[in-house]
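Participant: Questions regarding the structure given below will be posed in turn.
Just so you know, all these numbers are worked out from the coordinates, no wet-lab data involved. Just so it is clear, the structure is predicted and the values come from calculations on it, not from any experiment.
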Amino acid sequence: MRASTFITLALLAGSLGLVIRMPAAEIPRPAPDLSIPTPDGKQLKISDYRGKVLCLTFILTTCPHCQKTTQLLNGIYKDLAPKGFDVLEAAVNQNPDIPGFLAQFKPPYPVGTAGVQQALDYMQWPKDKRPLVPFVMFIDRKGMIRSQYTGVDEAFFDANQEQHMRDEAGKLLAEGAKSSKK
C-alpha cells in the first residue's frame with residue numbers, strides 16, 4: 001500500500017510540475033525600443049535596425065559561453081551582413097571591460113552595455129527564475145522578436161550552435177528577400 005501511495009504522489013507531483021512550468025515569453029512580439037549605450041558615447045536603439053534582421057545578444061564579457069557566441073557571430077555577421085543581417089551585443093556585467101573585450105574578440109559590430117534587469121525584462125524572463133547567459137534574440141526586418149534563447153536552452157547552445165544561429169538568421173533573411181521573378 002505504501003509503495004502505491006508513493007507512486008501516486010510521485011505521479012501527481014510530476015503532473016503538477018508540468019502544470020507549474022515557467023511561462024514562456026510571447027513569441028512573436030514587437031521588439032521594444034531599447035537603447036544600448038556604447039563606449040564611444042553613442043546610443044544605439046533597436047529601432048535603428050528596422051529593415052534588417054537583428055541578432056540582439058546580452059552577454060557577460062567574462063563568460064566563456066558568451067565569448068564563444070561572440071566569436072561565432074563574428075563569422076556569421078561577415079557572411080550575412082551583405083544580405084541585411086546585423087548584430088548588437090550588450091554586456092550586462094557590472095563595469096564590463098568593453099575596450100578589452102573588443103580588443104580580444106574583435107567583433108565587427110557594436111558592443112554596448114545594458115542593465116541586468118533591463119535585459120531580463122526585455123527577454124520577458126520570469127522574476128523567480130535564474131537565467132543563464134548568453135541571451136540571444138532574433139528580430140525580423142519589421143521589428144518583431146521571432147525567437148530567443150538563453151543559456152538554459154541546451155539544444156540551441158550545443159555543438160551545432162553556429163548552425164542554429166545561421167538557420168535562424170537565414171530564415172528571417174529569406175522572408176525579406178526580394179524575388180527575382182517578375
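Participant: Based on alpha-carbon centroids, what's the gap between the range 133-169 and the range 61-132 in Å, whole number please?
Facilitator: Taking the Cα centre of the range 61-132 as reference, the centre of the range 133-169 is 12 Å away.
Participant: Residue 141's amide H: which non-local residues (gap 5+, or another chain) put their own amide H closer than 5 Å, with H modeled 1.01 Å from N in plane and none for Pro or chain starts?
Facilitator: Close amide H contacts, sequence-distant or interchain: none at all.
Participant: Taking amide hydrogens as modeled 1.01 Å from N in the peptide plane, which residues meet the under 5 Å criterion relative to residue 44, leaving out close sequence neighbours?
Facilitator: When sequence neighbours closer than 5 places are left aside, the close amide H contacts are 36, 38.
Participant: Give me the number: length gained by fully extending residue 177 to residue 144, i.e. 0.36 nm times residue separation minus the C-alpha to C-alpha distance, one decimal in nm.
Facilitator: Contour length minus the Cα-Cα distance gives 10.2 nm.
Participant: Compute and list, largest first, the equivalent-ellipsoid semi-axes of the range 27-176 from the alpha carbon gyration tensor, each √(5λ) rounded to a whole angstrom.
Facilitator: 20, 18, 17
Participant: Just need the relative contact order of the range 52-100 here, percent rounded to a whole number, with Cα pairs under 8 Å and 6+ apart.
Facilitator: 57 percent
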